[in-house]
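To start, the structure itself, in structure tokens.
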Amino acid sequence: MNNLLILPIIIPMFTGILALLAYNSRTAQRWLSVLGSSALLSVAVWLLVEVGRNGILVLQVGGWQAPFGITLVADLFSSIMVVLTGIIGLAVAVYSLAIIDPDHEKFGYHQLYQFLLMGVSGAFLTGDLFNLYVWFEVMLMASFVLLALGGGRGQMEGAIKYVTLNLMASAVFLAALGLLYGMTGTLNMADLAYKFSKGLSAEQSGLITTLSMLFLIAFGIKAAVFPLFFWLPASYHTPPVPVSALFAGLLTKVGVYALIRVFTLIFTQDVGFTHTLILFIAGLTMVTGVLGAVAQGEFRRVLSFHIISQIGYMVMGLGLFTPLALAGSVFYIAHHIIVKTNLFLISGVVKHLHGTLELKKLGGLYQLMPHLGVLFLIPALSLAGIPPLSGFFAKLSLIQAGLEKGDFFIVAVSLAVSLLTVFSMMKLWNETFWKPLPQNEELSAKPLSKKQWISMLAPIVVLAAITIMIGLGVSPAFSLALQAGEQLMNPSAYIQAVMEITP
Amino acid sequence: MKIDSLILRTMVRYLFPLLLLFSVFIFLRGHNEPGGGFIAGLVASAAYALYSIASNSIEARQVLGVDTRLLIGIGLLIALCSGLPAIFAGESFLTGLWGYLSIPGVFKIEIGTPVLFDIGVFLAVMGVTLTIIFALEEVE
Amino acid sequence: MEIVLAFVIGGLYAAGIYMMLRRSLVKLLIGLALLSHAANLLIFTAARLTRAGFPIIGMDQQALELPYADPLPQALILTAIVISFGVTAFALALSYRTYKSIHTDDLDKMKTTDEADDSKETSA
Amino acid sequence: MMIALTTLSVFGAALVAPLFFRNKNKLASWLIALLPLGITIYFASLLPRAAAENPETFSFNWAREFGANFSFRADSLSLLFAMLISGVGTLVVIYAGGYLGKNPNIGRFYAWLFIFMGAMLGVALSDNLLLLFIFWELTSLSSYVLIGFEHEKESARAAALQALLVTGGGGLAMLAGIILLGQISGTLEISALLSNTSTSLSAGGTAVQSHPLFIPALILILLGAFTKSAQFPFHFWLPNAMAAPTPVSAYLHSATMVKAGVYLLARLHPILGGNDIWLYTVSGVGLITMLVGSYLSFSQTDLKRLLAYSTLGALGTMTMLIGLGTPLALKAAVVLLFAHALYKGALFLVAGAIDHETGTRDVTQLGGLFRALPITGTAAGISALSMAGLPPLFGFIAKEVVYETGLEFNPWLMAAIIFMGLSTVFVAGVVGMGPFFGKLTESPKKPHEAPLSMWLGPILLTALSLLAGFFPSGISNLIVSPAVSSVAGEAVKVKLALWHGVNTAFLLSIATVIAGILLFSIRNSLRGVLQKIEWKWGPAYFYTLSLDGMNALARAQTRFLQSGTLRNYILIIILCVTLGGGYSLFRIGGFDILPQHISDVKFYEAAIAALILGAAIAAVTSSSRLGAIAALGAAGIGVALIFLQFGAPDLAITQFAIEALTVILFVLAFYHLPKFTQLSSPRARIRDAVIALFTGALMTMLVLAAVGVHISDSISTFFVENSLPLAHGRNIVNVILVDFRGMDTMGEITVLGIAGIGVYALLKFRRKKGRE
């Protein structure tokens, strides 16, 4: 029993509700959003510290013993993810204050924002498959509205695709869930793992593997892996920048999280088939994503396709399925959440200055704001894997794991993709910062107050600092990831903690 | 959407309180018989929805008295808060705490936080349904 | 009966998917609604069927008599129904809004956000 | 400790440099040059210790998990290289102050220059391969920014990107190689690799080299070294990188960065060398590069490109020599490395001064400048003599050793070396003599002597060439000998002398110089002939081709995958479900899993089933919206009846209510939406129908399988038993909803609440006028 686990869920819920009740006051909502996000970050850090100190924490919600009630579980992986949610939540909340439209605020921006955080935290913490479905829906519903809020043509088209394809994912998930319950009579993930670990007949195990395909597809859509990623590039560049930033940082990672969770805990019957398939998908995801980015001519579209490509790396760790590889995935996710959010936030500054993000129309920013240039380079190079930034170690660990395991092909692919990432990041740099401002284009910045500038740039600076810190102080950060990887590879501790059985 | 009909209006005048009563009834029996907060919420909103069809959404909103979005918030808040006493009692979040509400000899009912939770569900569902219906009606 | 229902479920899925593959946004929505019927029925069937025996303990009883229908999937389906209601309502509002701003419900004409090289301003 | 601090202090200088130059202080560059100067002196003070095989080291446990330690080691090879970096660096820092004095972005320039310098020092001094790699990549990055310093020019941006992609790509290969090497040998510390008996050849170990993964590791590491040192076929980036400001070219592209690859080869020679692959690959690639660079330098007219191609020739020579690997060859490599840095650095700086003072770098437009630029001209002339290999300059000694090495092997190799020698003499003449002597030609700017900051560097470097020529033994004992020992992996005693007496090498050398001078005298007609030969199919062509190809591929695949058509997206997802599910079912032969305990079918149940199916078909085929909605509602009611029939009254009620509400919402919304139209072609419809039916069939099979396979009993018994006593409720479904699984319901009403907010926002949000 540890009610700390519920706080990352109910703090944003509470904040969201208060913001909803204060629907008439923009000021109150803005304050609530920042305060609530800060509180979320604080409890998340607290949770991580507790988990680091005491091992896996469990809360049987409602006091009903697993597997009967709903169990919340925080292992290292979960709590790392919740901390990241807190960081991004706060950063984007502060950033939003500067540039989000008053109309958006009037129609519930801050409320939806908090509900989204609630859904994300819930998804990271739950130990129950159906409950995971519910959190997914909370998250999705909030993201639907945020995506469509106040939109014109592009935003609506993006939203239609996003909504439809994500609903398909939910439908597949729900069907898989129903079938799984039909066979096993339980929904608790640890209980499922426990029951499977007691031995399955060939027929049973084969059917479970078949179901795992459905889960792979459902979570794969949410994670945006090949060939299920279409909703992402269709929509991520359409909403206001803070919304893109939040989505880019957190949402796909929930899908990756779910993939890693179920394919380390539950579906390990036929690793030779499932995880090899996952590795294959990872490679294709990397390649198609990065090629997509190369083909784009708009700042946020380039970034969106890069998300896909990077998802490939995260999934690659799962496909390799060794402690080091999973640690690499965890580290990669952490790194990517920080870096990608930051890049989107920077795109917002660019958009503010230029009024557009079409690369053709951009230019001259290095001359104008050299500091912004440096702030861009830090996450961009980190994403490309230039040492000693966080992205380098993320890739390094995966490459090491791949080479150790002898999967040379995927290593070669990941290295080649890495080079293409450099290429397209430098394309952004070239077009936005180095290239002189094209003729007959002019900067069209609406004046911002000093306060607005601070709330826009402070999150960017802080996230960049985190990237550098993770890079230079990689040892503590990665040893945490390694522990998380070990926990994922040996789920017995997880099962014992949830089922409260002693070995 | 508005249907101007005397018969409808008269009918609604009688139906409206009946439906509200019925929703309370469904809510109360929900813990032991088919029913519960969700369905009760739907029935209650049906009452207001009918009212708005018979007159208009502005009047229906006036009769309701609170903004529908506020109703959603209150419902969610009650549901959330029903889980909190358990925390202060040293139990897991959402653990049901039960007590008896009674006037000796007159009546005695069991009351617990899950009932509170169900009230939250009731209000939230009502809030959502009415928000949607009124908003749709007000689309030009 | 499971076999019959399995085919009904298959039919509902097929119908839903077929509708989702149409070019009209309106048909897509109907397809989604059909899919949610299919999913609900699937959970219900996969968890095995029992005739009669409501999972409700009678006022005069202290325990449920066998056989009874499994209450858990019912609760799950209830949750799923409600969620899909919310989603459907939202999707309807979304398509209304889309139609208002694009003036078509032909999905094949909603491609601007995916065209890589166009210079049209797409975002708001 | 100090040794790590030197590197870090240079990075520190990068941070403060922009502040230094903020108020255009003329002395700033002199002041900040004190840092690399001090570092050079410090390195010099370490030489005796290094020569005595007791090098300064420092180690700090950094990224233990990756085997990356912050460890430094200053042996003679490292110090030789590090002193080049900091020494030439000092001069370049001063020089750039004059060259870029008026540039508003000079602060930024220095910041990146110092980052580069720090990274280079890191490469030279790292004792850990991963740490070395990190610095290595930093040099690529900083050189990217430096090459693109004049980033308003398209050509500068393209050249910067090209350099980054080529060296960065090689770097990535090298990374894989390093990791493999580390996994084979169990350590990434260079000193440990060198001393470990299982890894170092000279220590007698062959375990590493006989490992099956050794050859891939070797080749990957070589790729890194070759790209960095612009070896064939990756050489094309170097001439293009001349788009950089001249101080950068002098520093990066002649004295230091391009030599990093050579340094790496030298450093790892005792570990990776001594096998045929090393011998043939390294010396072969070096040889080709030497020939290509030498050949291409004949036809150039741009001062910097001339120097760049001749640098290619020199880099090729060094690589070839290290590939050959005999003590003599290694000695030649080290001496050439040193001598080349001195004379080529000086000549690059001179080229910059000429460009700066006259406004052109085209040798056909330059001549007779000596009168106007006497100091620069002196430096140029003497350095050119060193380059041409004339005594008593250090270049002469270097050339003699290289020739001796050639003679040690075979006549063909010797011939190739002589070709290189010819081109060296030629370039020395064209760059160092041509512009200063002969007739004064018109130039865009009226020439003046360059300022002190810009001639100091060439003069000092030239002086060093002279000094080293006169006192070769001192240098040989202090640096060259121990450095060659490091490269060889065993103690090698090296003697350098200015005068060897008349031997074959000397005679050949004299002949080369004479022939070179002849070529120089007919340079214009020679160029005319050579420039007619076009090399369309060079590696640069393939670079462009592959870049364009990649771009085209990217666009094509994106247009294909991300087509914008939602139907296709849905189709692909559905195909994934069908294929993934179907294949995995097929794998286990699961198509015939059938339920064992099935309940019979009652008539009215069959009727409900028929109702649902009929409604589904009607919904699909209906041509009117209302019809489809009615059919949808009918299907929903059918589902509700099934619920009722099989013991789920709550579900049935909810389904009825929701169905009614949904139908109302559909009708209300469709009121505002267009009518059904037939949009798809009949073929598409048939295709979709087939796919839909397949998927439906799969779902049917899965349901049957799920009903048939029973792994464990449902947890529901618990709810049934505890609902009344513990949760105080008789309606178990309701108790599950509000108590046992209250969290789900909390989430569910939140979803509903959000949907409410969303519908409200979508319907009520008015876009401001004029924004769409």
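Separation between the residue D:415 and residue D:219 pseudo-spin-labels, each 7 Å from Cα along Cα→Cβ, expressed in nm?
3.0 nm
If you filter segment C:27-116 for trypsin sites (Lys or Arg not before Pro), then keep DSSP loop positions with at most 15 other Cβ within 10 Å, what is left? Mind dumping the intermediate values first?
Values: sites: C:27, C:48, C:51, C:97, C:100, C:109, C:111; in loops: C:48, C:51, C:111.
Passing sites in segment C:27-116 are C:51.
Can you tell me, using C-alpha contacts under 8 Å and at least 6 residues apart, the relative contact order of segment A:133-249 as a whole percent?
Details: 83 pairs, mean separation 45.0, N = 117.
Over segment A:133-249, the number comes to 38 percent.
What FRET efficiency comes out for the pair residue A:449/residue D:103, r = Cβ-Cβ distance, R0 = 25 Å, nearest 0.05?
Numbers: r = 34 Å, r/R0 = 1.35.
According to the calculation, E is roughly 0.15.
Within segment D:241-263, name every residue whose backbone N is under 15 Å away from a label modeled 7 Å from Cα of residue D:364 along the Cβ vector.
No residue qualifies, since no backbone N sits under 15 Å from the label point.
Please compute, over every Cα-Cα pair in segment D:56-103, the percentage with a separation greater than 13 angstrom. Walk me through the numbers on the way to the answer.
Values: 785 of 1128 pairs.
Result for the distance tail: 70 percent.
Report the label-to-label distance for residue D:603 and residue D:52 in nanometres (one decimal), using points 7 Å from each Cα along the Cα→Cβ vector.
11.2 nm
Compare B:113, B:95, B:68 in a GNM of chain B, Cα atoms joined below 10 Å, and give the one with the largest fluctuation.
Between B:113, B:95, B:68, it is B:95 that shows the largest mean-square fluctuation.
Report, largest value first, the span of the C-alpha coordinates of chain C along each principal axis, in whole Å.
Extents along the principal axes: 71, 30, 22 Å.
How much net charge surrounds residue D:3 when only the other residues with a Cβ under 9 Å from the Cβ of residue D:3 are counted, with Lys and Arg +1 and Asp and Glu -1? Show your work: numbers first, answer last.
Values: positive: D:73; negative: D:56.
Net charge in that neighbourhood comes out at 0.
What range in chain A is the longest one free of GluC sites (Glu not before Pro) that are in a loop by DSSP and have at most 15 other Cβ atoms within 10 angstrom? Please report the intermediate quantities before stating the final value.
Numbers: sites that count: A:442, A:500.
My reading of the result: A:1-441 is the longest stretch.
If each DSSP helix of 4+ residues adds -39,500 (n - 2.57) and the sum is divided by the residues in chain D, what number results at 222 nm, nearest 500 deg cm²/dmol?
Working: 31 runs with 540 residues, N = 772.
Result for chain D: -23500 deg cm²/dmol, rounded to the nearest 500.
Put +1 on the Cβ of each Lys and Arg and -1 on the Cβ of each Asp and Glu in segment D:22-97; which of D:39, D:79, D:61 then has its Cα farthest toward the positive end of the dipole?
Selected residue: D:39.
Taking just the alpha carbons, could you work out the radius of gyration and Dmax for chain B, both in angstroms?
Cα only, chain B: 17.5, 58 Å (Rg, Dmax).
If you keep only loop residues by DSSP, which chymotrypsin sites (Phe, Trp or Tyr not before Pro) in segment A:174-271 have at most 12 other Cβ atoms within 10 Å of their Cβ? The partial results should precede the final answer.
Values: sites: A:181, A:194, A:196, A:215, A:219, A:229, A:230, A:231, A:236, A:247, A:257, A:263, A:267; in loops: A:229, A:230, A:236, A:267.
Answer by residue number: there is no such site.
Quick test of the membrane-span-like rule: which DSSP H helices of chain B reach at least 15 Å along their long axis (C-alpha atoms) with mean Kyte hydropathy at least -1.0? Spell out each step's value before the answer.
Details: long enough: B:6-29 (34 Å, 1.79); B:37-54 (26 Å, 1.63); B:68-81 (19 Å, 2.20); B:113-138 (37 Å, 1.71).
Those that clear 15 Å and a mean of -1.0 are B:6-29, B:37-54, B:68-81, B:113-138.
Exactly which GluC sites (Glu not before Pro) in segment D:26-129 are in a DSSP loop and have at most 13 other Cβ atoms within 10 Å?
The qualifying sites are D:53.
What FRET efficiency would be calculated for the residue pair residue D:522, residue D:544, taking the C-beta separation as r and a Förster radius of 45 Å, to the nearest 0.05? It would help to have the intermediate numbers written out before the result.
Details: r = 33 Å, r/R0 = 0.74.
Efficiency, from the Cβ-Cβ distance: 0.85.
Taking each full run of DSSP H in chain C as one helix, which ones are at least 27 Å long along their axis (Cα atoms) and have mean Kyte-Doolittle hydropathy of at least -1.0?
Details: long enough: C:25-46 (31 Å, 1.87); C:71-102 (45 Å, 1.17).
Qualifying helices, which must be both long enough and hydrophobic enough, are C:25-46, C:71-102.
Could you do me a favour and compute the accessible area per residue for the protein assembly as shown, 1.4 Å probe, result in Å²?
Per residue, the protein assembly as shown has an accessible area of 31 Å².
Could you tell me the relative contact order of segment A:2-497? Use alpha-carbon pairs under 8 Å, at least six residues apart, and round to a whole percent. Working shown, then result.
On the way: 839 pairs, mean separation 80.4, N = 496.
For segment A:2-497, the relative contact order is 16 percent.
Against the longest principal axis of chain A, how steep is helix A:323-354, in degrees 0 to 90 to the nearest 10, with axes from Cα atoms?
Taking the Cα atoms of chain A, the angle to A:323-354 is about 20 degrees.
State the Cα centre-to-centre distance between segment D:355-432 and segment A:451-466 in whole Å.
Spelled out, the Cα-based centre of one part sits 54 Å from the other.
Just from its helices, what would the mean residue ellipticity at 222 nm be for chain A, if runs of 4 or more DSSP H residues each count -39500 (n - 2.57) and the sum is divided by every residue, rounded to the nearest 500 deg cm²/dmol?
Values: 22 runs with 381 residues, N = 503.
So the helix-based figure for chain A works out to -25500 deg cm²/dmol.
How long are the semi-axes of the ellipsoid equivalent to chain A, from square roots of 5 times the Cα gyration tensor eigenvalues, in whole Å, largest first?
Numbers: eigenvalues 249, 135, 83 Å².
Rounded to whole Å, the semi-axes are 35, 26, 20.
Given only helices, namely DSSP H runs of n ≥ 4 each adding -39500 (n - 2.57), what is the per-residue ellipticity at 222 nm of chain B, to the nearest 500 deg cm²/dmol? Show your work: numbers first, answer last.
Details: 6 runs with 95 residues, N = 140.
Rounded to the nearest 500, it is -22500 deg cm²/dmol.
Which FRET efficiency value, to the nearest 0.05, is calculated for residue D:34 and residue A:4 with the Förster distance at 51 angstrom and r the Cβ-Cβ distance?
Numbers: r = 56 Å, r/R0 = 1.10.
E between residue D:34 and residue A:4, to the nearest 0.05, is 0.35.
Please give the charge dipole size of segment B:6-138, origin at the Cα centre, charges +1 on K and R Cβ atoms and -1 on D and E Cβ atoms. Round to the nearest 20 debye. All intermediate terms of the calculation are to be shown ahead of the outcome.
On the way: 6 positive and 8 negative charges, 55 e Å.
It works out to roughly 260 debye.
Do the alpha carbons of any pairs in A:446/D:102; A:450/C:111; A:361/A:451; A:253/A:405 sit beyond 30 Å of each other, and which pairs? Each step should come with its number before you reach the end.
Values: A:446/D:102 33 Å; A:450/C:111 39 Å; A:361/A:451 28 Å; A:253/A:405 25 Å.
Going by Cα-Cα distance, A:446/D:102; A:450/C:111 fall outside the 30 Å limit.
Obtain the nm distance between the two label points defined at residue D:41 and residue D:563 by a simple spin-label model: each point lies 7 Å from its Cα along the Cα-to-C-beta direction.
Label-label distance for residue D:41 and residue D:563, simple model: 7.3 nm.
Please report the relative contact order for chain D, taking Cα pairs under 8 Å with a sequence separation of at least 6, and give it as a percent rounded to a whole number. Could the numbers behind the result be given before it?
Numbers: 1121 pairs, mean separation 73.4, N = 772.
Computed over chain D, the figure is 10 percent.
How far is the Cα center of segment D:453-512 from the Cα center of segment B:11-54, in Å?
101 Å
Which lysines does residue C:109 reach when only Cα atoms under 16 Å apart count, and residues fewer than 8 places away in its own chain are ignored?
Correct list for residue C:109: A:161, C:27, C:100, C:120.
Under 5 Å between amide H atoms, partner at least 5 residues away or on a different chain: which partners does residue A:226 have, H built in plane at 1.01 Å?
Residues meeting the criterion, in which the H sits 1.01 Å from N, are A:285.
Mind jotting down the distance between the C-alpha centroids of segment A:287-351 and segment D:76-114, whole Å?
With segment D:76-114 and segment A:287-351 each reduced to a Cα centre, they are spaced 36 Å.
The values are calculated or read from the model by the stated rules, or taken from the named source; none is laboratory data. No experiment lies behind these values; they were computed from the predicted model shown. All Cβ positions, even for glycine, are placed from backbone atoms using ideal geometry, and neighbour counts span all protein chains on display. Keep in mind that these areas ignore ligands, DNA and RNA; they rest on the heavy atoms of the full protein, side chains included. Shrake-Rupley method; radii C 1.70, N 1.55, O 1.52, S 1.80 Å.
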